[in-house]
Amino acid sequence: MGNIQIIEELIPRNDKIFISFGKVNYEDRFCLIHESKKIINIDFIIVKLIKTIPKWFDLLLNLRNVIARIFGLKTGKIGNIYKKSEKLFLKQDQMIGDIFIFFKDKNHLIVELNDKHLDFRFSIFIWQKEGITIISLSTIVKINNIFGWIYIFLIKPFHRLIIPNLLKCLSSEI
């Protein structure tokens, strides 16, 4: 395994995550920078991300779902995707539970969930050049009402803890 670095950076304004989304109230982007000559694609990274999710993440996700239900939000149900990750084949314009696959190509995946309280998109982007691989996880949120603001206030600290941790776990798998 080569050297790794996890950084936070701004999402470039020309990123496809912003296409026809409207006003953004919250955004972040965390990147894993990894020395590797191995060629990877989005399907490989999705499987590895799913497989590296730590147990404590499931506990936090269940807590998030309880909070989401209190505010009448969709929980992003995706079924038991963890057990089927090796056979997972995501396509653009496909629904996985409440999650819509907005965009997909060999190096980029954007999913979205729109709700009465908030809308969000999550992106995985892979960039490879000269032995360096960068995998970025980006999130944008549009808050639609006061319950969306309360929800994001409660969830944001966990989100900012989980995403860099997922990248750290992913670094040992690629």
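The values are calculated or read from the model by the stated rules, or taken from the named source; none is laboratory data. Source: prediction; values computed, not measured. For neighbour counting, all protein chains shown are included, and Cβ atoms are generated from backbone atoms with ideal geometry for every residue, glycine included.
Miscellaneous remarks
- Residue, nearest to Lys106 (Cα to Cα), within the stretch 116-136, restricted to residues that are in contact with a Lys or Arg (Cβ under 7 Å, 6 or more places away or on another chain) and not in a loop (DSSP other than H, G, I, E, B): Ser136
- Close pairs from the stretch 121-137: first free of Cβ contacts under 8 Å to residues at least 40 places away in the same chain, partner outside any strand (DSSP E or B) and surrounded by fewer than 21 Cβ atoms within 10 Å (Cβ to Cβ), Cβ under 9 Å, at least 6 apart: Trp127/Asn107
- Evaluating Ile45 against the criteria (1) closer than 22 Å to Ile135 by Cα; (2) among the β-branched types (Val, Ile, Thr); (3) within 15 Å of the chain's Cα centre (by Cα); (4) at pLDDT below 90 leaves one unmet condition, (4).
- Within the stretch 137-154, the set of residues being in a helix (DSSP H, G or I) and crowded, with 19+ Cβ neighbours inside 10 Å comprises Gly148, Tyr151.
- Cross-chain or 6+ apart pairs with Cβ under 6 Å, the stretch 139-163 first and within 23 Å of Phe102 (Cα to Cα), then small (Gly, Ala, Ser) and at pLDDT below 90: none
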